[in-house]
């Protein structure tokens, strides 16, 4: 719930942005700002070493907004303005630190609103939302990255399962899907070893509607997969619809305990039948006729492991799938264009957008105090607030 997130994030909030004002947040002053608002946060866990700037931008409100397309258009427009301020703050930071060798500015978005965790009884914890409100990462990718060979047992951290990868290929192979997402422009998707990517020429404001359409497509897909995979999927989705339409989540507090998915998989034959039907229905929504043969081949990549958990293969490893495939978006800025990678976040392993995009962390750095760049960046940002 927003109240819990607000208390958790409060010590690390650098600034708060609302439609009417922007404030430099100091301690208890955060509590006085009414919902909804955007909070610029210094993260406790970082994608990059301590000397490289990494910030988060959280949207805190009272309504259901787990991913980008649930954030109202007016708040999205405000988000674009904030991103521009962050970029100007980074420009100032670079001028004051000309010796720093940074490679690229980047944004990362995790869209995994159904990232369940099982308890000791093999049931999924109630609530369903591992990330209950939309947020994005703003960071700088170091220049001195190098490719390394990783052991086979770590492959599921950076590669999706064969099921998820083939499902990605099926959906993004459709020209009608391309036209829907890009509004009939000529951009198209390229297959990668981990998902798909595309280039976008224009500004961040022009990219947001594209990411919105992708998010809406994936949200439909996530709901369809939950229904196909789990015995109590329909009951869960019926309860979820109440939260999706609630204007004030506090009013649904008593019903939150009912939002539980027990994690009892359907039998494999039924899963495959429902998957075929749901993917064909998803295609009809967008005027696409997916190949029934391709869907059958994709469904054969689903397997129940020895514990009865729905799984698929990564190389020679059988990996348990999370209920309702999430996806990650990594946006890398290149001059006047963006390079966007879309990757499945499909297993219950501790993976995220960075890992699924091919990054693996060889060292876990414990920083005893906040990095020097943070105060420098705050000083650069201050005139913009």
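The values are calculated or read from the model by the stated rules, or taken from the named source; none is laboratory data. On a predicted model such as this, the values are computed, not experimentally measured, just so you know. Don't worry about glycine lacking a Cβ; one is built from the backbone with ideal geometry, like all the others, and counts go over all protein chains shown.
Residues of the stretch 179-199 that are over 29 Å from residue 314 (Cβ atoms) and either touching a helix residue (DSSP H, G or I) at 6+ places or on another chain (Cβ under 6 Å) or modelled with pLDDT of 95 or more (or both): none at all. Residues that are closer than 25 Å to residue 329 by Cβ number at least 3 in the following strands (runs of 3 or more DSSP E) confined to the stretch 1-94: 13-17, 37-41, 54-60. Before we move on, is residue 161 closer than 18 Å to residue 358 by Cα, within 18 Å of the chain's Cα centre (by Cα) and modelled with pLDDT of 90 or more? Judged against the criteria, residue 161 is a match. Per this entry, residue 318 is not counted among residues that are in contact (Cβ under 8 Å) with a residue 12 or more places away in the chain, within 25 Å of the chain's Cα centre (by Cα) and under 30 Å from residue 180 (Cα atoms).
Is one or more of the residues making up the stretch 345-359 exposed (fewer than 11 other Cβ atoms within 10 Å of the Cβ), under 16 Å from the mean Cα position of the chain (by Cα) and assigned to a loop (DSSP other than H, G, I, E, B)? Yes, some residue in the stretch 345-359 is exposed (fewer than 11 other Cβ atoms within 10 Å of the Cβ), under 16 Å from the mean Cα position of the chain (by Cα) and assigned to a loop (DSSP other than H, G, I, E, B). Scoring residue 175 on the criteria (1) modelled with pLDDT under 95; (2) touching a strand residue (DSSP E or B) at 6+ places or on another chain (Cβ under 9 Å) leaves a single failure, condition (2). Of all residues in the stretch 321-338, those being over 22 Å from the mean Cα position of the chain (by Cα) and touching a residue at least 12 places away in the same chain (Cβ under 8 Å) number 1.
When residue 103 is tested against (1) touching a strand residue (DSSP E or B) at 6+ places or on another chain (Cβ under 6 Å); (2) in contact (Cβ under 8 Å) with a residue 24 or more places away in the chain; (3) under 18 Å from residue 16 (Cα atoms), just one condition goes unmet, and that condition is (3).
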